Amino acid sequence: MNYFVTGATGFIGKFLVARLAQRLAEPGTASAKPRGKGTTATSEGKIYVLVRESSQEKFDELKERLGEYGERLVAVYGDITTPGLIAPAEAKKLKGKIDHVFHLAAVYDMNMDDATADRVNTEGTRNVVDFVNELGGPVRLHHMSSVAVAGGDYAGRFMEAMFDEGQPLRHPYFRTKFQAEKIVREESKVPFRIYRPGAVVGDSKTGEIDKIDGPYYFFKALQKISHRIPKWIPLLGIEGGRVPVVPVDYVVAALDALAHKPGLDGDAFHLVQSHAPTVGELLGAFLAAAHGPEFANKFELPAMPPALRRFSARVGNAIPESAKAQLSKTIGVPVSVLGYITNRAVFDDKETRAALAGTHIKCPDINDYAPALWQYWEQFLDINYQPSPRLTRRLAGKVVLITGASSGIGFATAKKLAIAGAKVILVARTESKLEETRQIIEKAGGESYVYPCDLNSLEAIDAMAAAVLKDFGHVDILINNAGRSIRRAVNESYERFHDFERTMQLNYFGAVRLIMALLPAMQHRRSGHIINVSSIGVLANAARFSAYVASKSALDAFTRCLSAEVKAHHIHTTAIYMPLVRTPMIAPTKMYNYVPTWSPDDAANTLVKAIVERPKSIATTLGTAASISYALWPKVNDYILSKGFQLFPSSTAARSGKDKDAKTKPTLEQVVFANVFKGEHW
């Protein structure tokens with residue numbers, strides 16, 4: 001069996017080609033063994049990929065992505081916007097040898113102009129149909145259409161058998177996807193099948209996506225809400241229209257299964273979640289994935305009278321495209337995407353579900369995979385950062401070493417500093433996570449290097465530091481960010497002395513060992529900056545954190561003593577007394593979901609400030625006030641901390657698993673206390 005695929009290097013295409021390659025490799029299938037007499041496909045089976053010569057690098061990346069399966073890919077150079085697609089000589093070689101043509105290539109851009117849409121989506125599809133008509137043999141055309149063929153104003157249930165219902169198609173994407181499907185229906189001389197996916201999002205298992213699109217336009221706003229508004233505060237939202245959301249892995253699995261099932265020629269299939277979520281339900285799912293507050297209530301937007309809708313449409317058409325583009329840039333969302341707020345179409349997928357019966361292929365519910373989408377976006381795509389000129393000047397060509405760089409504060413900081421021009425050395429225990437971080441930084445245009453190290457081991461620290469100095473000669477800025485926090489009262493720690501030993505080992509001895517390994521080169525160069533990520537607990541003497549606060553206090557005292565010794569060498573030291581930050585380190589304490597915290601981005605911005613301004617220390621207003629109050633009124637300070645100690649419960653782990661069903665939602669008194677002492681550890 002042989003395939004020909006357009007758009008193979010695109011998002012859906014990459015997943016489809018991988019699945020087809022796996023199908024070809026399956027033993028006992030028609031694609032893995034010689035077929036009967038009279039057939040022309042070879043036993044090996046190939047996937048011919050239409051590639052523009054300028055996209056050779058993308059094709060190479062696709063082959064590499066597929067690993068051993070990549071050997072089945074064959075590049076065929078051409079372009080769907082060119083009549084005939086490929087050179088006549090190449091087309092002759094393929095004549096009669098292709099079983100399935102998958103046409104995925106299209107321009108999807110909600111800010112697209114009419115000329116581009118016509119050239120690629122409409123005329124490009126006509127060129128593909130003409131090409132397939134000339135192939136001959138047992139070829140079948142599979143056209144990737146879209147639910148966009150229903151237009152933006154269709155009201156009611158849109159069935160799979162429906163197509164031309166007289167619907168208005170005002171947007172270039174809607175119009176050209178409709179026209180492209182019509183070309184397939186009317187001009188194809190070979191059997192064809194049509195697939196209409198909804199708003200395609202990332203893989204439901206890994207979250208993988210290649211760009212900001214559809215629901216992702218709202219992720220940054222949702223992230224800010226989750227960071228700024230405590231989980232206990234109820235939100236008021238809108239219900240809105242239904243969003244035909246669908247994960248890419250379901251689209252590809254369904255496409256593969258439907259393409260190879262007999263008896264479906266001429267049919268169209270809606271690839272969507274059967275019960276499409278409303279806008280409010282969709283945003284709620286992503287807020288939950290972001291550990292943000294919940295919608296206590298959602299209200300319906302009043303329906304716009306038909307006459308007013310028509311008038312609104314005329315006004316919208318009269319607005320210049322340049323003005324729409326500027327508005328989209330200002331709000332961060334294409335204007336056309338906002339149409340889903342009042343979307344009145346519901347896409348029925350009854351025929352698709354019937355055709356997939358027995359395959360175990362089913363579209364998952366968005367609530368089940370929203371966390372995977374959110375995590376992938378936050379890690380790989382949330383890289384939109386514009387460094388200040390001062391930071392860029394400060395970091396130009398500088399070598400920055402960050403411990404704990406694979407998650408939380410370290411991860412967020414590494415991205416910012418690399419984008420600003422630093423050579424960032426990434427240090428943490430797990431090499432695979434560091435490699436992910438490096439790839440993200442590289443994607444953002446930054447420069448970083450991976451040095452895995454178990455910072456609990458002094459010998460490992462020595463080896464890592466020696467390797468860094470051998471490769472770079474020096475480190476300009478050292479950020480001791482890695483740390484271990486333990487939330488357990490002293491009277492719950494009588495049998496856990498190792499808690500004190502291991503926090504001291506990582507937070508104090510590990511940091512000091514690294515400082516001492518890198519300091520000689522700083523002194524020799526008469527330049528350097530040591531930044532220690534400390535804690536507000538050092539200033540406020542947080543109860544239940546005796547092991548953690550003691551280790552951070554020890555590092556604080558060491559660095560204050562060191563500061564005087566290295567001042568003449570122009571080496572700066574900065575202690576940052578971080579408040580509570582929502583990182584993986586505090587995740588086990590579920591109560592922290594409901595108290596005010598900083599985001600990793602807030603913390604990273606504080607580290608950026610430290611690099612630019614080189615202050616002796618940075619603390620929040622509360623941290624400074626706590627330090628002053630302890631110096632002037634220690635008994636008052638103890639009284640307040642004692643109240644907090646009694647008010648907030650110990651963790652389930654600290655209670656030896658007792659009261660596992662204890663409520664994690666805070667009481668009103670706890671909420672008030674946590675907000676008065678914002679950022680403190682309780």
Response to the item:
For segment 428-468, the count of residues that are over 24 Å from L381 (Cβ atoms) and either among the charged types (D, E, K, R) or not in a helix (DSSP H, G or I) (or both) equals 10
Fill in: Residue count for segment 98-133, restricted to those that are farther than 20 Å from G7 by Cα and modelled with pLDDT of 90 or more
0
Discussion item. Which numbered condition in (1) at pLDDT 80 or above; (2) assigned to a loop (DSSP other than H, G, I, E, B); (3) not small (G, A, S) is the only one that R655 fails?
Written reply: (1)
Practice prompt. Can you work out which of the residues in segment 154-179 that are among the charged types (D, E, K, R) and closer than 24 Å to V120 by Cβ is surrounded by the fewest Cβ atoms within 10 Å (Cβ to Cβ)?
Written response: D164
Worksheet entry | Residue check for L135: in contact with a Lys or Arg (Cβ under 8 Å, 6 or more places away or on another chain), within 22 Å of I194 (Cβ to Cβ) and surrounded by fewer than 21 Cβ atoms within 10 Å (Cβ to Cβ) | yes
Discussion item. Can you go through P138, P88 and tell me which one is at pLDDT below 95 and touching an Asp or Glu at 6+ places or on another chain (Cβ under 9 Å)?
Written reply: P138
Discussion item. Looking at segment 1-22 only, could you name the residues that are under 13 Å from D256 (Cβ atoms) and part of a loop (DSSP other than H, G, I, E, B)?
Written reply: M1
Practice prompt. Could you give me the residue pairs with C-beta distances under 7 Å whose first residue belongs to segment 209-232 and is farther than 22 Å from V248 by Cα, whose second residue is among the β-branched types (V, I, T) and assigned to a helix (DSSP H, G or I) wherever it lies, and which are 6+ apart or on separate chains?
Written response: W232/V671
Worksheet item: How many of the residues in segment 435-456 are surrounded by fewer than 16 Cβ atoms within 10 Å (Cβ to Cβ) and of a type in the set (G, A, S)?
Response: 1
Worksheet item: So is R484 assigned by TED's automatic domain parsing to the domain that holds H572, basic (K, R), surrounded by fewer than 21 Cβ atoms within 10 Å (Cβ to Cβ) and over 27 Å from the mean Cα position of the chain (by Cα) or not?
Response: no
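Just to be sure before I move on: is P389 farther than 24 Å from A482 by Cα and assigned by TED's automatic domain parsing to the domain that holds F163 in the structure I sent?
no
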Discussion item. Tell me yes or no: at least one residue of segment 469-477 is part of a strand (DSSP E or B) and surrounded by 14 or more Cβ atoms within 10 Å (Cβ to Cβ).
Written reply: yes
Worksheet item: Can you pull out the residues in segment 94-137 that are within 17 Å of D79 (Cβ to Cβ) and of a type in the set (S, T, N, Q)?
Response: T116, N121, T122, T125, N127
Worksheet item: Pick from segment 616-633 the residues that are over 13 Å from M578 (Cβ atoms) and either surrounded by 14 or more Cβ atoms within 10 Å (Cβ to Cβ) or of a type in the set (S, T, N, Q) (or both): which of them is nearest to the chain's Cα centre (by Cα)?
Response: T621
Item to complete: Kindly check whether there is at least one residue in segment 526-542 that is over 35 Å from the mean Cα position of the chain (by Cα) and crowded, with 19+ Cβ neighbours inside 10 Å.
Response: yes
Practice prompt. Please work out which residue is surrounded by the fewest Cβ atoms within 10 Å (Cβ to Cβ), limiting yourself to segment 418-427 and to residues that are farther than 18 Å from E378 by Cβ and not small (G, A, S).
Written response: K423
Discussion item. Going residue by residue through segment 177-189, is there one that turns out to be of a type in the set (A, V, I, L, M), under 21 Å from G13 (Cβ atoms), touching a residue at least 24 places away in the same chain (Cβ under 8 Å) and not in a helix (DSSP H, G or I)?
Written reply: no
Response to the item:
Matching residues in segment 134-161 (farther than 17 Å from Y48 by Cβ and over 35 Å from the mean Cα position of the chain (by Cα)) number 1
Worksheet item: Quick check: anything in segment 94-116 among the basic types (K, R) and either loosely packed, with under 15 Cβ neighbours inside 10 Å or over 27 Å from D265 (Cα atoms) (or both)?
Response: yes
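The values are calculated or read from the model by the stated rules, or taken from the named source; none is laboratory data. If you're wondering where the values come from, they're calculated on a predicted model, not measured in any experiment. No Cβ is skipped: glycine too gets one built from the backbone with ideal geometry, and neighbour counts run over all protein chains shown.
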